[in-house]
Amino acid sequence: METLNRMATELVDEAIDFAEELTIGVHGLTGDAAVLDFGVERPGAVEAGLLLAEVQTAGLATVQTGVETVGGAPLTHVELSTDHPALGLLCAGKAGWELSVGDFEGLGSGPARALVAEEDIFGRVGYREDADFAVLAVETDQLPGEEVASAVAERAGVPESAVFLPAYATASVTGSVVAASRAAELATLRLAESGYDPASVLSATGRAPVAPVADGEEAAMARTTDALVYGGQVHLHLEDPVEDPEAVASTAGGEYGQPCADVFEDVDWELADLPVDFFGPAQVTLDVLGGETHVVGETRPDVLAESFY
């Protein structure tokens with residue numbers, strides 16, 4: 001298998017080639033890094049969001065849309081499926097690189113994280129890589145500039161000309177689509193955080209509704225989290241038994257049942273102060289090969305309707 005960053009770069013090249021059709025903007029920086037506007041100064045788009053979800057998972061996931069009802073209203077849903085959950089979802093897709101450079105703030109996800117490999121999950125999976133390119137998707141309300149690209153290049157250990165920075169705001173169509181694609185990632189991460197071996201998650205399929213785009217980043221963060229916590233559904237194939245299946249779903253959290261805007265307001269939007277058991281998908285099927293099948297959690301379309309409409 002190619003490195004995660006090489007596979008993601010091929011998808012970024014596709015985005016650049018079809019930028020007009022995807023309604024994204026492409027900006028070259030002084031040091032030849034490339035910034036792709038998937039939904040910062042542009043409104044974003046469904047197809048752009050689907051491709052960005054593939055970029056974030058280094059091409060190790062299949063991503064598609066469908067339409068189902070939430071609270072009686074038809075909404076786009078995103079489904080993501082992968083047979084490489086540890087690599088595609090945790091070592092690539094997970095958002096774990098906090099970018100704070102001058103006045104710029106953003107949260108990075110994607111395979112460039114594997115070039116640094118300082119997060120605990122890389123030790124759990126036993127993975128890091130050296131690559132000629134670095135692809136870091138950045139969730140932010142401003143486009144990264146030269147200073148950001150330089151900082152990413154230095155930390156990733158690649159030339160600045162080898163840095164690709166797809167960027168999107170949470171409050172964009174792309175942001176809502178990408179968030180909805182993370183249901184399978186959340187379930188896999190909850191298992192790993194509970195002590196389960198990520199390598200024993202053999203496949204993961206998840207789906208969630210695409211939240212209506214909010215009028216600001218905080219409101220969008222709340223809505224897109226609601227989409228996962230109250231609408232996310234996941235099916236995992238597992239090699240080994242799970243000690244505490246109930247802990248994988250968001251229903252394990254004491255805050256379950258409240259719209260995320262209220263939950264986040266209670267902690268003054270310091271999300272790190274919330275217990276991790278709140279951040280899971282609403283409902284999960286844990287399918288142990290040759291063993292038990294556990295179905296945990298429940299969806300809450302009533303909470304989604306309160307949040308969305």
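The values are calculated or read from the model by the stated rules, or taken from the named source; none is laboratory data. Since the structure is predicted, the reported quantities are computational estimates derived from the model, not experimental observations. With ideal geometry, Cβ positions are generated from the backbone for all residues, glycine too; neighbour counts draw on all protein chains shown.
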Of those in the stretch 27-49 that are crowded, with 20+ Cβ neighbours inside 10 Å and assigned to a helix (DSSP H, G or I), the residue nearest to the chain's Cα centre (by Cα) is GLY49
Would you confirm, using the coordinates I've provided, whether VAL55 is surrounded by 24 or more Cβ atoms within 10 Å (Cβ to Cβ), under 30 Å from GLY126 (Cα atoms), touching a Lys or Arg at 6+ places or on another chain (Cβ under 7 Å) and modelled with pLDDT of 95 or more?
no
Which residue pairs have Cβ atoms under 8 Å apart, sit 6 or more places apart or on different chains, and have a first residue in the stretch 26-54 that is of a type in the set (Phe, Trp, Tyr) and a second that is assigned to a loop (DSSP other than H, G, I, E, B)?
PHE38/ILE24; PHE38/GLY44; PHE38/SER172
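So is PRO301 free of Cβ contacts under 8 Å to residues at least 40 places away in the same chain, under 20 Å from VAL248 (Cα atoms) and surrounded by fewer than 21 Cβ atoms within 10 Å (Cβ to Cβ) or not?
Details: free of Cβ contacts under 8 Å to residues at least 40 places away in the same chain: no; under 20 Å from VAL248 (Cα atoms): yes; surrounded by fewer than 21 Cβ atoms within 10 Å (Cβ to Cβ): yes.
Criteria not met by PRO301.
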Testing SER307 on (1) modelled with pLDDT of 95 or more; (2) outside any helix (DSSP H, G or I); (3) of a type outside the set (Asp, Glu); (4) under 21 Å from the mean Cα position of the chain (by Cα), one condition comes back false. Which one is that?
(2)
